[in-house]
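To start, the structure under review is shown below, and the notes come after it.
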Amino acid sequence: MLRVVIWLLVLANAGYFAWTQGYLGALGLKPVVQSEPERLQSQIRPEGLRLLNAPQPVSAPAPATTAASSAAPETAAASSAPPEATAVAVADTPEVPVVAEPPASACWLASGFSPDQADVLRSALQQLDFPGGSWQLNEVRSGGRWVVYMGRYNDEQMARKKTELRDIKIEFREVSVPALGRGLALGTFSSEASAEQALQDLSKKGVRTARVALERPEGTGFVLRLPAVTAAQRAQVVGLGAALAGKTLQTCE
């Protein structure tokens with residue numbers, strides 16, 4: 001029974017192969033050929049098809065003669081306008097004023113002028129063509145300055161004394177007292193009483209040769225102040241030379 005089934009399947013496959021290849025055409029048995037003529041014949045109203053994304057036709061550029069002809073009347077109209085109208089149109093255009101920035105200024109001062117030096121400087125400053133308030137000479141009263149003094153020393157003595165003071169941890173600075181000469185100050189005070197008290201405290205630490213001395217007496221000084229001057233104005237003040245009495249301008253800060 002199995003053999004019969006197998007032979008039937010083989011015969012069926014062989015018959016199907018012969019039919020698909022057209023070998024049975026003489027018997028009127030062949031498959032329908034699917035080719036382009038048959039597909040075109042089966043179309044229904046092919047002219048009704050439209051491509052939605054078809055490229056748009058490029059419009060032809062306008063002739064140059066057209067542009068030239070359209071521009072000609074405008075040119076003629078502009079040339080025919082009276083010159084007064086053109087002048088008025090230009091005059092109506094607002095002009096933006098140019099504001100020049102002022103030159104940079106800064107504050108400068110110099111101090112330590114005596115009353116006589118201040119008089120000389122004042123006369124020199126008045127000769128400069130400066131606006132009012134460009135310079136000030138302010139009076140400054142200074143009190144006396146007292147020191148606990150050790151001296152007078154030469155270079156060798158100064159070096160030896162500095163070593164001794166460092167060993168006992170006492171601070172000092174070099175001074176030159178007008179009446180006493182070069183030496184060391186072990187403290188600076190605004191009153192003689194304060195200096196005397198400091199001398200007593202130092203004597204307890206082993207200081208034996210120190211004394212109280214007046215380093216600077218009470219007096220009146222003057223300060224030159226230039227609140228806001230330009231670099232050119234500052235150069236004019238520096239150019240006063242001897243009137244500045246050797247003082248140097250420094251920034252107010």
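The values are calculated or read from the model by the stated rules, or taken from the named source; none is laboratory data. Computed from a predicted structure; not experimentally measured. Cβ coordinates were reconstructed from backbone atoms using ideal geometry, including for glycine residues, and neighbour counts include every protein chain displayed. Only protein heavy atoms, including side chains, enter the accessible area calculation; ligands, DNA and RNA are left aside. Shrake-Rupley method; radii C 1.70, N 1.55, O 1.52, S 1.80 Å.
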**OP:** Could you work out the relative contact order of the range 91-237, using alpha carbon pairs under 8 angstrom and six or more residues apart, expressed as a whole percent?
**Re:** 44 percent
Subject >> Full-extension gain in nm, Val238 to Leu9, via 0.36 nm per residue minus C-alpha separation >> reply: 69.8 nm
Subject >> Largest to smallest accessible area among Asp116, Asp129, Asp201 [probe 1.4 Å] >> reply: Asp129, Asp116, Asp201
Subject >> Count of lysine pairs in the range 123-253 with Cα separation under 24 Å (8 or more residues apart, or interchain) >> reply: 7
**OP:** Compute log10 of I(q)/I(0) for the range 113-227 with the Debye formula, placing one identical point scatterer on every Cα and leaving out solvent, at q = 0.18 Å⁻¹, to two decimals.
**Re:** -0.87
Original post:
Applying 1/(1 + (r/R0)^6) with R0 = 25 Å to the Cβ-Cβ distance of Gln127 and Ala104, what FRET efficiency is obtained, to the nearest 0.05?
Top reply: 0.50
**OP:** Search the structure for amide H atoms under 5 Å from the amide H of Arg216, placed 1.01 Å from N in the peptide plane, and list their residues when 5 or more places away or on another chain.
**Re:** Arg145
